[in-house]
Each structure stands twice: as structure tokens, then as C-alpha cells.
1. Quick check: pseudo-label points 7 Å beyond the Cα along Cα→Cβ at SER127 and ASN58, how many nm apart are they?
2. To the nearest 10 degrees, how steeply does helix 331-341 sit against the main Cα axis of the chain, on a 0 to 90 scale?
3. Please compute one quarter of the surface area of the Cα convex hull for the chain and express it in square nanometres.
4. Suppose the Debye formula is applied to equal point scatterers at every Cα of segment 1-118; what is log10 I(q)/I(0) at q = 0.21 Å⁻¹?
5. Using a basic spin-label model with each label point 7 Å from the Cα along Cα→Cβ, how many nm lie between VAL81 and PHE173?
6. Output the antiparallel fraction of DSSP beta bridges having both residues in the chain, as a percent to the nearest 5.
7. Who wins for biggest fluctuation among ARG175, ARG154, ARG141 in a Gaussian network model of the chain, springs between alpha carbons below 10 Å?
8. To the nearest 20 debye, what is the magnitude of the charge dipole of segment 213-270 about its Cα centre, counting +1 on the Cβ of each Lys and Arg and -1 on the Cβ of each Asp and Glu?
Amino acid sequence: MTYDIHISDVLTFKRCRRAWNWASPLRSNLTPLQPYGPFFIGSVVHGALRQRYYFGINAVDVVDELADEYLAPLRDRYPAVLEANRPKIDEWVTFCKAILEHYDQWARSYNGPYNDRTLDFINVEQSFNVPMRTNRGFYARRIRKAGKFDGIVRHRLDGKLYLWEIKTTKSIFQRERQLDLEEQADSYALDVQEMLGESVAGIIYTLIRKALPVAPDVLKRGGLSQNKQIDTTFERYLAAIREYHGHNATSTFIADTYGEFLQHLLDNGNPFFHRVMITRSPAQLKTARDELYAVAQEMVNPSVAIYKTGDTHCNWCIFREMCIALQQGQYEFAEKMLHENFVPNTYHIQGVDEL
């Protein structure tokens, strides 16, 4: 028997074996029956950007179609559940469109390293299934690696191959700090080399914060707030000036009244999107390869020990309530909750979001 190992499954296994035992395709393979926002938003945003970059289609225009595709299994099997969740699904769809519209504005104006105009997309959402190598560099007999790259690009300036990855996140700063030890980057760099026979020069990450720039408050004395803590962008604030002041918002008026604050927004960059390239040395990749093989051997062992790992990730774990019930010895109740709230993952299109 051959086992397909996904890096997302590896990360779940290392984070908490109990959650892995419920969610893994190698085990119970369960996913929530109720639509789950992070999965939905991540899947739709990734799918829409695939259409944008590979087919040149406006990402916002395909959101409704992608949402229908994502929800089709639920609509076919559990229409009552879908209708009960329709209000929040509509909110997610609106949110996806707003994020993608904002992203398009940013991407068109971004002139930093590895901007869109310097990249040729070879493929997007590229599925792969490649051999896993042992710590000696040989092919493992029973284990392969499978998954899907967000994209593979070639840089026009250096002619080299890069992986293209999109990550939605709550905090760009914290997410960027993780990239030096990003195990997905390690794994994918190894995988693309197995698939194409060419090493990647690096992984280009586009980090998208799951938030939208807000409009400034209107002050009681008139004018717009210039609070430097406001979560906004230069473009959004400038639009607010023109909306509020109308025909009075001449260039001179804007410079005199809001120039210093607008400069502050420009100097502090865009807090909603960030593009960064990371590299992996041959030594790093060898270490990653050896670690992945060691973990994979545990994952395919039917006698591997299963236990919980309690940490901050428990706060957003989809199995939180079932896990608490097990800890309290309420085994039948835990099984009942699993049966009522989860279904085999073939019923849903798995999301690709950062939780």
C-alpha cells in the first residue's frame, strides 16, 4: 500500500495528534458540516487569484461562481444546512470581493521586488504527486508526497524558477516572521525539484491580511480624524477626503490640511499586503527532507500514539468541543458531536487558509 503525505497533514500531526487523527485523510478524514469561514474565504480568494493570474480574468467577477462551486457538495447533500448559513455566507462573499478589489489596486501599483510585471506564470494551482526520499536520498517504498502549489513562476530578470505562494493571515508581521522556519516552503521546494528536475531559486510569498482599510471618523468640529492608529491606507484616506470635502478638496487644500498625515500613511507602507521572497540552501533542504521522512514514517504507522497537545491553537481548533469532552471522560458525547457536526471530507472542497 502506498501512502500520500500532504505537508498540511504533516503540520497538523506535529501540532496535535488528536486533531490529526480526526482530520487526516490517513485516518478519519473529517471536515465540518457547517460552512467554515477561514476555509471558505481562503479557497475562494485562492481560486479567484488563479483566474486573475493565469487567465487574465477580473478576480472579483468569478467570486460568485467559485462560491457556488465550493458550496455545491453541501447544497446537494445538506440543503437545509446551506440555507441556515446563507446570511453569513453572503457576508463572506462580500468580504472576498472587497479583499480582491483592494488587492487588485495594490498589485497594479506595487513596484517592489518581484512585482507582477517581472513574473511569467508557468502554472497555477499545480497538483503534484512525487516520490518521498529517505534520509539517504533513496525513494521511499510506500510513501509519496502530494499536494498543490499556488503557482510556479519564472522571473524575467534572472530567468530563474520560483514558487509563488499566497497566504491570508490575521497579522502580516507575525506571518512574515514564520517564513524563516516555514516547513511548507521546505517541502514545496523539494517537491518542485522532484517534479520538474529544476531547483527553485526561492519562494515568493504574497501575504494578504484578512481585513479592509477603514474610513476615518468625522470629527465633531468638522474635518476627518488624523489618528495615526487608524487601520487604513493612503488611497482610502484620500478617497475619504474627496468624499467628505467634495469640490473644496483641491490639491492645495488637501496638502495644507491633510498633507502631513497622508505622508505618514505613505511612509508607513501598506499594512494589508506584503510580498517577500525567501530562499532555502541545499543544507536546509536536506535537513527538511530528513525531518519530513521521519515524521511520515510515524504518520503511516497504525500503532502511532494519539494524544492531544494543548496550546493557543486550541482556541480556533474545529475539534475543540469534542476534545474537551474527551478530556472530561464524556466519550459517548464526544462521538455524538463528531457524528452530528462533521462529515467525510469528500463532501467539501478543502480550504487553503491560514487559521
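Only the coordinates and a few stated rules stand behind these numbers; no lab work does. Predicted model, so just to flag it, every value in this text is computed and none were measured. Quick reminder, even Gly has a Cβ in these numbers, built from the backbone with ideal geometry, and neighbours come from all protein chains shown.
1. Distance between the two pseudo-spin positions: 3.1 nm.
2. With rounding to tens, the tilt is 50 degrees.
3. Details: hull surface 88.7 nm².
With every direction weighted equally, the projected area is 22.2 nm².
4. For segment 1-118, the Cα-only Debye profile gives -1.12.
5. 3.9
6. Values: 26 of 37 bridges.
Roughly 70 percent of the beta bridges in the chain run antiparallel, per DSSP.
7. Taking springs between Cα atoms under 10 Å, the residue moving most is ARG141.
8. On the way: 5 positive and 7 negative charges, 38 e Å.
Here the size comes out at about 180 debye.
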